[in-house]
Amino acid sequence: MKNAKVLKPLLLSAAAVMLVVATMFATMAYLTSSAAVSNVFTVGNVKLHMFESKVTPDGEIDSSVEQIKDGMKVADTNSYHLQPGASYTKDPTVYVDANSDESYLFIRLRNDLKSIEKQGDVNHPTIVEQLRKNGWLEIERADSNVDAVFVYVGVDKASELETVFQSIGTVGSEYSTQAERTEAIHAATAEIKAHIVGGKDSREAFDVFEEFTLAEKVDNLQIFGGARVAIVAYAIQARGVTEDVDIGTQAAYLKAWDYVKTELPFVD
């Protein structure tokens, strides 16, 4: 088995942060926000990018802009005027370059708008619901409930993920802590393997989510001044990280994630 000193230079990582910073105008009943992609880290034979579509301040696709360049979306900055009840295009996509090493792909989500997202609308699912539809499995969540980590398992697992999470309760109802809920998630998803990205002769694209929708009524908007929706993507080599477990299994990707947390920049 390769030891940690050998593994460290093989660690494959990239981070791209999508920020939504909301500021309340004193005389207007809406929020403004901006989004930026920055802070990209790469080590080893892997290269990740994260971009989204260019949109207007109302969150609609900007028809004046060519939306794809060099096979990727074009925007690393968007700004939004946010109003209760409105939906906004925000569609970050992670790209893995050709000939990158085989890796696990993780997403860290911070969603300060979680409590004011519209709920129960099949036409406008929440950000986390969209992540599941796009093949992302939650593996960790902070007690704050706005910070969560996902591993990519593939869109073919979307129905299975939806079934599992329909049966997983919330903290305060089924569980006393987020740690208890996370343990229940691990038990329910133990047989779902991670999808190995990279190792291809062409670039791969992985959708994160497509939009966000605010609730029709939002009380105390001013408390969301400075709120953010941030996405950080990480990849770590799948081979050589673990010795006694099979590649892609839960034991393997959880160990890989533990390594990411201790060795890579953790961007807020």
message: Taking 28 Å as the cut-off for C-alpha to C-alpha distance, list the pairs among 54/255; 54/261; 157/261; 69/193; 54/133 that go past it.
response: 54/255; 54/261; 69/193
- request: Could you look at region 186-268 and say what percent of its accessible area is carbon and sulfur, using a 1.4 Å probe and all protein chains?
  value: 47
- request: Take each of the peptides 133-141, 158-166, average the number of other beta-carbon atoms within 10 Å over its residues, and list them starting from the highest.
  value: 133-141, 158-166
query: If you stretched the chain out fully between residue 86 and residue 123, how much longer would it get, using 0.36 nm times the residue separation minus the C-alpha to C-alpha distance?
result: 12.0 nm
field: Accessible area of residue 49 in the full protein assembly, 1.4 Å probe (Å², nearest 10)
entry: 40
message: Only four residue types carry charge here, +1 at the Cβ of Lys and Arg and -1 at the Cβ of Asp and Glu. Report the dipole size of region 84-205 about the Cα centre in Debye, rounded to the nearest 20.
response: 260
field: Vicinal HN-Hα couplings computed from phi for region 202-214 (Karplus, 6.51 cos²θ - 1.76 cosθ + 1.60; Hz; Gly/Pro x)
entry: 9, 5, 10, 10, 10, 5, 9, 8, 10, 6, 9, 10, 8
- request: Would you mind working out the accessible area per residue for region 153-257, using a 1.4 Å probe, and quoting it in Å²?
  value: 49
message: Checking the cross-link filter: which aspartates and glutamates have an alpha carbon closer than 19 Å to that of residue 217, excluding same-chain neighbours under 8 positions apart?
response: 58, 112, 117, 121
- prompt: Around residue 105, which amide H atoms from residues at least 5 apart in sequence, or from another chain, sit under 5 Å from its own amide H, with H modelled in the peptide plane?
  reply: 152, 197
message: At 0.36 nm per residue, and after removing the present C-alpha to C-alpha distance, how many nm does the segment from residue 222 to residue 184 gain when stretched out fully?
response: 10.1 nm
message: Computing the accessible area with a 1.4 Å probe over protein heavy atoms, can you report the carbon and sulfur percentage for region 56-108?
response: 43
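The values are calculated or read from the model by the stated rules, or taken from the named source; none is laboratory data. Since we're looking at a predicted model, the values are computed, not measured. Ideal geometry is used to build each Cβ from the backbone, glycine not excepted, and the neighbour counts take in all protein chains shown. Accessible surface areas use protein heavy atoms only, side chains included; no ligands, DNA or RNA. Shrake-Rupley method; radii C 1.70, N 1.55, O 1.52, S 1.80 Å.
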